[in-house]
Structure formats: C-alpha cells, structure tokens
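Scroll down for the structure; my scribbles are underneath it.
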Amino acid sequence: MTLQNLSRILDKYEQKLGSSSLGQFELLKDIPFYNWQNPQDIRTLNHIIGLPQKNGKSHPLFDYEQLVFDTLQDHKHLWIKKATGLGVTEFMLRYMAWLCFSRNIPRNSQMCIVTGPRIELAITLIDRMKK
C-alpha cells in the first residue's frame, strides 16, 4: 500500500463517517487497532486499510493475533517461534503502523524488524511498510 493509496482509502472512510473537517491522518489518531468483540466494526485501523488478505481473500484477525496484541500492550519485546504463513509478519507491520498513528511517538523514532539470514526478506518487509 502506498501513501497515495492510503490517502484514497482515508477519503472513502471520511465519506463513510461523514467527517470532512478532519485531516486525513487525524482520522487515524487514537483509532483502535481492531475490535475483537465486534469484528464488523469498521472504525478500526485494520478495516480502514483493509483486512489482511491471503490468496486474494480478506480475513478477520484471529484469536492468536489478539494474544500477540495483548502481550505487546504489556511488553516492549516479544519473541515468536512460529511456522511460516501464519500472517504474523503482516500483523507486526500493521501493529507498527498503528503505533505510529495512535501514540505520540517522537519524530525520527526507530522500530526494529528482526528477520532470518536473508537480507532480501528484510528489504522486502521495509518496502511493504513504506507502501
């Protein structure tokens, strides 16, 4: 997703909510990450940017992702040993984006993504985050 795409998504979301006086990124300030009690609630970051997709099909966030989210609220560092294809990387990129919008993180702060030995994977993840 590019910033231009995000801008278009925010325009549509702004129209849905009927709020035209707010700036586009102001819509994301203090917005919830996801509503596990009501997954149909469209007023969450994951609904605004689009739910995660696998094989072209959108999926709600899963119970284990709520466990990861809750753990991240209490702990700054988290180590996850997992199988591939579970969507944890996508979840973490979305979480990092949410942190940037929802908290008063100082300008020029840094976040760390630790990957395996392939530098190409790290570069791909950074590019995905920028888009």
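The values are calculated or read from the model by the stated rules, or taken from the named source; none is laboratory data. Small disclaimer: the values here were computed from a predicted structure and weren't measured. Neighbour counts are summed over all protein chains in view; Cβ atoms, including those assigned to glycine, are modelled from backbone coordinates with ideal geometry.
Couple of notes before you dig in:
- Segment 73-127, residues that are charged (D, E, K, R), touching a helix residue (DSSP H, G or I) at 6+ places or on another chain (Cβ under 8 Å) and more than 23 Å from ASP30 (Cα to Cα): LYS82
- Tallying residues that are part of a strand (DSSP E or B) and either hydroxyl-bearing (Ser, Thr, Tyr) or touching a Phe, Trp or Tyr at 6+ places or on another chain (Cβ under 8 Å) (or both) within segment 51-74 yields 1.
- Close pairs from segment 104-125: first of a type outside the set (A, V, I, L, M), partner in a loop (DSSP other than H, G, I, E, B), Cβ under 7 Å, at least 6 apart: none
- Residue in segment 99-110 that is among the aromatic types (Phe, Trp, Tyr) and at pLDDT 90 or above present: no
- Checklist (1) loosely packed, with under 13 Cβ neighbours inside 10 Å; (2) touching a Ser or Thr at 6+ places or on another chain (Cβ under 6 Å) applied to PRO32, failing item: (1)
- Residues in segment 64-103 that are farther than 18 Å from ILE126 by Cα and touching a residue at least 60 places away in the same chain (Cβ under 8 Å): SER102 alone.
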